[in-house]
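Input: a single structure, listed below in structure tokens.
No value in this document is a laboratory result; all are computed from the given coordinates. Small disclaimer: the values here were computed from a predicted structure and weren't measured. Cβ atoms come from the backbone with ideal geometry, glycine included; neighbour counts cover every protein chain shown.
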Amino acid sequence: MPTDQPASVPPLPSSTVSDSPKPAGPLAGVRVLELGSLIAGPFCGRILADFGADVLKIEPPDTGDPLRTWSLVTEHGSLWSMVQSRNKRSVAVDLRIEESRDIVRRLAGQCDVLIENFRPGRLEAWGLGYEELSRARPSLVMVRISGFGQTGPYSHRPGFGNIAESMGGIRYITGWPDSPPLRIGLSIGDSIAALYGVVGTLLALHSARETGRGQVVDVALTESVLSMLEAIIPEYGYDGRVRERAGNLLGGAAPTNTYFTADRKWIAIGANGDGIFRRFCSAIGRPELPDDPRYATNQARREHIDELDPIIIAWVAGRTLDEAMATLDAHDMPGPAGLLGRRHRGRPQYRAREMLLKVPDDRLGEILMPGVVPRLTRTPGAIRWPGPDVGAHTAEVLPSYSARTLRRVAARTVSAARKPGAGWQASREKCLGGPWRYGRAARERRRLTSGDQIGGGEDRFDAHVGDAPRFD
């Protein structure tokens, strides 16, 4: 667990965490079968689980979800995976064999929702397509998240977050005018698609309750990103203009930027509304600026931002972060925020709203996690347990199957396969393609990436799931 977390972060209320698989919340009674891995599909499942859905996560028995080896990895798997799989039950079956696929069919017949992010056509090839599964359960909602959607000339292609963010336009407009397009520091394309997946799930469930008929929720990463482009598309259609990179400036409003303080820290300031801009000018000792025709309106400020921004830069540069924030707060500016990771995590607003929670864990003691969003006043979500070990709930979810059958569908001992031999370094080398690239390990990698199994590799089980991990 993080050792540098401020002691002021409050512990979880005892009522927030429970060992019981019986959830409460607005989605209690909804059962979800999650066949996705890594980011988009599992993030969609995580949100549903946070609000009480019983999410059964199907994982390959040997390695589990590849996210278990992404980012910072402990001897029990990555911390990210423990957040992404929180509140879920893990079922380990090997989808390469028909007996396992039959188990999935039986589970789907008892579920309200199925989430998957395979390449289009993979489930159909396994006999797990919507037409087949919905014959047994007509009300089933299938959420399909892929790079390009289930139809169209690109639908057969594997899709990744970096491709979707590029094709969707976000990468082109991110960065400085004299630099190449930049990547946002998070897998934003996957996350946006996951949120659309949640919206589609709730809409389809509402319809199913009214009509008794389910449907497919078809979410494309490229379209999810494209839908976030604000005025870019209509502006292009109007006169052919193309939005270009502008650093931290906001093309539609001014001033808004990040600024460097006297104590070598960063502060984000937004003063783009006319009334807010007037208060901001009073705060920085320049009350005359709003009456200057160059700065009187948002359109005028946009056109003269190259003259206005240096004034703000100079003011911020003469003050420490605390001084600047105190002054702006005193003038009722919109939440001036210091861009400081460690300090930011401890801010009282997050503490007050339980957005930083220490979740008890039998393996690590406790794990610091983001809280549940959104907050519901009458039927709130909750974190009941962190992401479990691979297959921790297989016997519990499949009580009618014999131990011999479960061993066969699980194929091999999970606990031994999941432990990285030298801890973090072994997982790091595996992700970077070190010893994992050669000899017997290389043959195993090729087997896992043959396209017939959930897990690993270039195609990552024919799913789009985001960029490769970074260790810089």
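Using the Karplus equation 6.51 cos²θ - 1.76 cosθ + 1.60 (θ = phi - 60°), what ³J(HN,Hα) coupling, rounded to whole Hz, does each residue of the range 224-235 give in order, writing x for Gly and Pro?
Going residue by residue, I get 4, 5, 4, 5, 9, 7, 6, 8, 4, 5, x, 5 Hz, with x marking Gly and Pro.
Normalised by the number of residues in the range 256-348, what is the relative contact order in percent for Cα pairs under 8 Å and 6+ residues apart?
Numbers: 115 pairs, mean separation 35.3, N = 93.
This gives 38 percent for the range 256-348.
Restricting to DSSP loop positions (anything but H, G, I, E, B) with no more than 14 other Cβ atoms inside 10 Å of their own Cβ, which trypsin sites (Lys or Arg not before Pro) remain in the range 248-283?
Working: sites: 264, 265, 278, 279; in loops: 264, 265.
Sites meeting the loop and neighbour criteria: 264.
Counting residues in the range 256-348 as N, plug N into 2.2 N^0.38 Å and put the Cα Rg over that result. Please list the in-between numbers first.
Details: Rg = 13.1 Å, N = 93, 2.2 N^0.38 = 12.3 Å.
Taking N as the residue count of the range 256-348, the ratio is 1.06.
Sum up the charges of everything whose Cβ sits under 9 Å from the Cβ of residue 31, counting Lys and Arg as +1 and Asp and Glu as -1, but leave residue 31 out.
Details: positive: none; negative: 54, 112.
Cβ neighbours under 9 Å give a net charge of -2.
Please report the base-10 log of the normalised intensity I(q)/I(0) for the range 20-140, using a Debye sum with one equal scatterer per alpha carbon and no solvent, at each q in 0.09, 0.11, 0.14, 0.17 (1/Å).
After summing over all Cα pairs, the log10 values are -0.24, -0.36, -0.59, -0.86.
Residue 93's amide H: which non-local residues (gap 5+, or another chain) put their own amide H closer than 5 Å, with H modeled 1.01 Å from N in plane and none for Pro or chain starts?
So residue 93 has HN proximity to 59.
How many times 2.2 N^0.38 Å is the alpha carbon radius of gyration of the range 164-228?
Values: Rg = 15.8 Å, N = 65, 2.2 N^0.38 = 10.7 Å.
The reported ratio for this selection is 1.47.
Compute the orientation-averaged projected area for the range 198-240 from the convex hull of its Cα atoms and round it to one decimal in nm². Walk me through the numbers on the way to the answer.
Values: hull surface 16.6 nm².
For the range 198-240, averaging the hull's shadow over all directions gives 4.1 nm².
First select every other residue whose beta carbon is under 10 angstrom from the beta carbon of residue 49; then total the charges, Lys and Arg +1, Asp and Glu -1. Present the calculation step by step, with values, prior to reporting the outcome.
Values: positive: 46, 57, 86, 88, 89, 384; negative: 34, 50, 54.
In short, +3.
Provide the net charge surrounding residue 192, with neighbours chosen by a C-beta distance below 14 Å and charges set as Lys +1, Arg +1, Asp -1, Glu -1. Walk me through the numbers on the way to the answer.
Details: positive: 171; negative: 165, 190, 223, 230.
After counting each charged neighbour, the total is -3.
Compare the peptides 136-149, 285-298 by average per-residue count of other Cβ atoms within 10 angstrom and give them in order, highest first.
Details: 136-149: 22.7, 285-298: 14.0.
Sorting 136-149, 285-298 by mean packing, highest first, produces 136-149, 285-298.
Please turn the phi angles of the range 83-98 into ³J(HN,Hα) values with the Karplus equation 6.51 cos²θ - 1.76 cosθ + 1.60 (θ = phi - 60°), one per residue in order, whole Hz, x for glycine and proline.
Coupling constants for the range 83-98: 7, 4, 9, 4, 6, 9, 10, 9, 10, 9, 9, 9, 5, 6, 10, 4 Hz.
Please sort by residue number the trypsin sites (Lys or Arg not before Pro) in the range 190-263 whose DSSP state is loop and whose Cβ has at most 11 other Cβ atoms within 10 Å. Mind dumping the intermediate values first?
Values: sites: 209, 213, 241, 243, 245; in loops: 213, 241, 243, 245.
Here the sparse-neighbourhood loop sites are 241.
Can you give me the long-range amide H partners of residue 367? Hydrogens built in the peptide plane at 1.01 Å from N, cutoff under 5 Å, separation of 5 or more residues or another chain.
Placed amide hydrogens put 359, 361 under 5 Å from residue 367.
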